[in-house]
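A short reminder: the numbers here are calculations on the coordinates, not readings from a lab. Keep in mind that what you see is a predicted model, and the values were worked out from it rather than measured. Cβ atoms come from the backbone with ideal geometry, glycine included; neighbour counts cover every protein chain shown.
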Amino acid sequence: MAKRILSGIQPTSDSFHLGNYLGALKQWVELQEGNDAFYCIVDLHALTGEIDPALLRKRILASAAQLIALGISPEKSTLFVQSHVSEHNQLGWIMECIAGFGEANRMTQFKDKSAKGGADSARVGLFTYPMLQAADILLYQAHYVPVGEDQRQHIELTRDLATRFNTRFGDTFQIPEGYILKSGAKIYDLQEPRNKMSKSSGSAAGVLEILDTPEANAKKIKSATTDAGREVRFDEKDKPGISNLLTIHSALSGKKISELENEFAGQGYGDFKGAVAEVVVEYLRPIRARALELLEDERNLVQILHIGADKARTVASKTVAESYKNLGLVL
Ligand code: ATP
Ligand code: LTN
């Protein structure tokens, strides 16, 4: 039987970057095949940070357009926006009432994020966010949740909450498993190749954005930090910049790193960077064009998302009804 997959991504940047794509979203596209995949733009989670209404709206739509453009098919999978399906809030509250304060307090992402802005200014929503995430997953009875390593603790919490509920109130939820994306490449900042490519902490010149112009991305690659040597060789310790570019080329061109090392033997870094720029630009060109085209017809894009939400709600409402009934609420 087809496995149910669920994952979510926050609409917190104007554009996804190549790290998001190669580390996560490319696997989302692959997992559509042969599985029953639900992919959610988790806009309610994005409210736990600074809220800029105009920007949030723009980013939700841009996220949807990019996901479709990079291969998430609204026919093959269920693509939707979290706030369109109010069952997320309903089950989120139940999860908050199942979770202990102590176990919520152990979530390291909360500790990291609240430490950045000072614990007193962190919102209550940032603290309860993992319980909403558990609801995102359990509503759809997901078997597998593809996420990065940083989300492992939230998946464990989700499993604990589901098991506790099932034991105390009767079988209600599928116990999900994390599908930790190890196979996905880790991509580093072009300017600071020892740091990961990141929308929040990366340097503007070091992040390759999907919606950036081909010229801008080519320029960033050509000015990427490399080492003083001349050899195009994979060596993460001594040649992090060149290694990162080899990883990017290999992930997009499908050529093995050893093949690339042979191909560029005896050539300078300039030629190699030119080749990487071409591979990246040609790969992203149609994706960017399709995303911009989708963004031009906002009504159509929102309609696609509403159709996804209708499909999601059909599954989610059954789970909420079942959990309400098992809790003793009168339906
Ligand atoms: P931030 O650094 O602001 O937290 P981010 O740019 O790392 O954000 P997230 O929204 O945290 O992006 O990540 C979305 C997905 O992309 C996650 O599954 C994460 O593991 C993956 N991802 C993010 N950056 C990279 C990267 N540099 N290489 C590989 N995968 C990445
Ligand atoms: N917390 C995740 C985003 C997220 C998610 C989810 C991932 C919210 N709900 C459900 C998988 C399943 C993050 O910060 N990357």
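Observations, loosely collected:
- Extending 7 Å from the Cα toward the beta-carbon at both THR314 and LYS196 defines two label points whose distance is 3.6 nm.
- Charged side chains reduced to their Cβ positions (Lys and Arg at +1, Asp and Glu at -1) give the chain a dipole of some 360 debye around its Cα centre.
- Scanning residues 5 or more positions from VAL207 or on other chains, those with amide H under 5 Å from its amide H are LEU190, with H placed 1.01 Å from N in the peptide plane.
- Pairs of alpha carbons in segment 262-328 whose separation is greater than 17 Å (percent): 69
- Relative to the longest principal axis of the Cα atoms of the chain, helix 108-117 runs at roughly 70 degrees.
- One compactness figure for segment 158-277 is 1.48, namely its Cα radius of gyration divided by 2.2 N^0.38 Å.
- Separation between Cα centres of segment 1-74 and segment 195-260, rounded to whole Å: 23
- 37 °C / 0.692 mPa s Stokes-Einstein diffusion coefficient of the chain, Kirkwood radius on C-alpha pairs, µm²/s: 155
- Computing FRET efficiency as 1/(1 + (r/R0)^6) for GLU30 and SER121, where r is the C-beta to C-beta distance and R0 is 45 Å, gives about 0.70.
- Where labels lie 7 Å past Cα in the beta-carbon direction, separation of SER86 and ARG233 in nm: 6.4
- Local net charge near MET95, Cβ-Cβ under 15 Å (Lys/Arg +1, Asp/Glu -1): -4
- Sorted on the mean count of surrounding Cβ atoms within 10 Å across their residues, most packed first, peptides 76-85, 286-295, 203-212, 108-117 read 76-85, 203-212, 286-295, 108-117.
- Note on LEU55 and SER203: the extension gain reaches 51.2 nm, defined as 0.36 nm multiplied by sequence separation minus the Cα-Cα distance.
- Segment 1-100: C-alpha gyration tensor shape, a/c 1.5 cut-off, then a/b vs b/c: oblate
- Once the C-beta distance of LEU331 and LEU47 is scaled by a Förster radius of 41 Å, the resulting FRET efficiency is 0.90 to the nearest 0.05.
- Calculated FRET value between ILE180 and MET1, using beta carbons and R₀ = 22 Å, to 0.05: 0.45
- Whether segment 70-195 is rounded, prolate or oblate, judged on the alpha carbon gyration tensor where a/c under 1.5 counts as rounded: oblate
- Share of Cα-Cα pairs in segment 60-113 lying beyond 12 Å, as whole percent: 76
- Once the chain from GLU261 to GLU215 is taken as fully extended at 0.36 nm per residue, the excess over their C-alpha distance is 14.0 nm.
- Nearest-ten-degree value, helix 124-138 long axis tilted from longest Cα axis of the chain: 80
- Each of ILE307, GLY254, VAL279 was placed along the dipole of segment 205-331 (beta-carbon charges, centred on the mean Cα), and the one lying farthest toward the positive end is ILE307.
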